[in-house]
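Peer 1: Pasting a structure here, questions to come.
The values are calculated or read from the model by the stated rules, or taken from the named source; none is laboratory data. Since the model is a prediction, treat every value here as computed from it, not as a measurement. Cβ atoms come from the backbone with ideal geometry, glycine included; neighbour counts cover every protein chain shown.
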Amino acid sequence: MKDSPGLHLKTYILILLIVFFAPLGNVLLSKGMKGVGSAKNWAPGDIYRIFISTMTSGYIWLGIACLLTFFIAYMLVLTWADYSYVQPASAFSYAVVALLGYFLLGEAVPPLRWAGILIICAGVFIVSRTHPRTTEKA
């Protein structure tokens, strides 16, 4: 199998997009839905209010756009890289989730969670040292 520098560069760029846009989209959806609130008694009026608030929330629409970007990048990278490479490599997003949760949502991230994230990132580093494609094209 030939090693193509272009393949590596495209793969790394799309994995970076995946790692950034998936957590960002989810954090924006979380922030938007916390602003919308929840239905107290599931009365039709409450459901209508939640629906309208959801559809008019800028955070939710930005979150949807980020998740759409993630999904497109994910589909593209899977066309030339192995799933067994892409999925572990995209696990670096756990670090991004913790950082975004801390800075954008004001969540506390305890030291034990940071330690777990560092272990995951070490695994991502190990996976990144392998070739993105181990199978021949069909």
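Peer 1: Could you list all residues from the stretch 13-63 that are closer than 30 Å to Phe125 by Cα, without any contact (Cβ under 8 Å) to a residue 12 or more places away in the chain and not β-branched (Val, Ile, Thr)?
Peer 2: Leu16, the sole residue that qualifies.
Peer 1: Which is touching a Ser or Thr at 6+ places or on another chain (Cβ under 8 Å), assigned to a helix (DSSP H, G or I), more than 27 Å from Ile13 (Cβ to Cβ) and not hydroxyl-bearing (Ser, Thr, Tyr), of Gly45, Gly35?
Peer 2: Being touching a Ser or Thr at 6+ places or on another chain (Cβ under 8 Å), assigned to a helix (DSSP H, G or I), more than 27 Å from Ile13 (Cβ to Cβ) and not hydroxyl-bearing (Ser, Thr, Tyr) holds for just one of Gly45, Gly35, which is Gly35.
Peer 1: Now a separate question. With the structure loaded, tell me whether Val127 is assigned to a helix (DSSP H, G or I) and farther than 26 Å from Met33 by Cβ or whether it fails that test.
Peer 2: On the way: assigned to a helix (DSSP H, G or I): yes; farther than 26 Å from Met33 by Cβ: yes.
So Val127 passes the test.
Peer 1: Just need a number here: residues in the stretch 54-69 that are assigned to a helix (DSSP H, G or I) and either touching a Gly at 6+ places or on another chain (Cβ under 6 Å) or modelled with pLDDT under 90 (or both).
Peer 2: Qualifying residue count, the stretch 54-69: 5.
Peer 1: Name the single residue that is nearest to Glu107 (Cα to Cα) among those in the stretch 1-52 being modelled with pLDDT of 85 or more and either touching a strand residue (DSSP E or B) at 6+ places or on another chain (Cβ under 8 Å) or basic (Lys, Arg) (or both).
Peer 2: Lys31
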